[in-house]
Amino acid sequence: VSAVLVDAPCSATGLGSRRPDILRKAPELDDLLDTQRKLAEHTVDSLLDAGGIMVYATCSLLKQESEDQMKHILERTDGAEME
């Protein structure tokens, strides 16, 4: 596969202005982070062709759910780069 969109499940903190109730709930962040990491790793390891493109999307404002997840993928994957 040459490209994959990973619309990862997340804490939805980016929806707070439209859905303030979301910000009142404490998400199970550890479980979400684990699921996000597994989805991204599976995409890179099993789905993408060499040189393929992964678009990783969340509706979260939390660095742990976006930047940190991609940093992990970049560190563990030879030849991976972010655009």
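The rule of thumb for compact globular proteins, 2.2 N^0.38 Å, goes into the C-alpha radius of gyration of the chain 1.16 times.
For V6, the residues whose amide H sits under 5 Å from its own are V55, Y56, A57, ignoring neighbours fewer than 5 places away on the same chain, with H placed 1.01 Å from N. Select from P9, I22, V55 the residue farthest towards the positive end of the dipole of the chain; place +1 on Cβ of Lys and Arg, -1 on Cβ of Asp and Glu, and compute about the Cα centre. Working it through, the farthest residue towards the positive pole turns out to be I22.
Taking other residues whose beta carbon is less than 11 angstrom from the beta carbon of Q64, and scoring Lys, Arg as +1 and Asp, Glu as -1, yields -1.
3J(HN,Hα) along the range 76-83: 9, 10, 4, x, 6, 8, 9, 10 Hz, from the Karplus curve 6.51 cos²θ - 1.76 cosθ + 1.60 with θ = phi - 60°, whole Hz, x for Gly and Pro.
What the chain shows is 69 Å² of accessible area per residue, with the surface traced by a 1.4 Å probe over protein heavy atoms. Report, to the nearest whole %, how much of the accessible area of the chain belongs to carbon and sulfur atoms, 1.4 Å probe, protein only. Roughly 51 percent, rounded to a whole number.
The values are calculated or read from the model by the stated rules, or taken from the named source; none is laboratory data. Computed from a predicted structure; not experimentally measured. Virtual Cβ from ideal backbone geometry, glycine too; neighbours counted across all protein chains shown. Accessible surface is based on the protein model in full, side chains and every heavy atom, while ligands, DNA and RNA are left aside. Shrake-Rupley method; radii C 1.70, N 1.55, O 1.52, S 1.80 Å.
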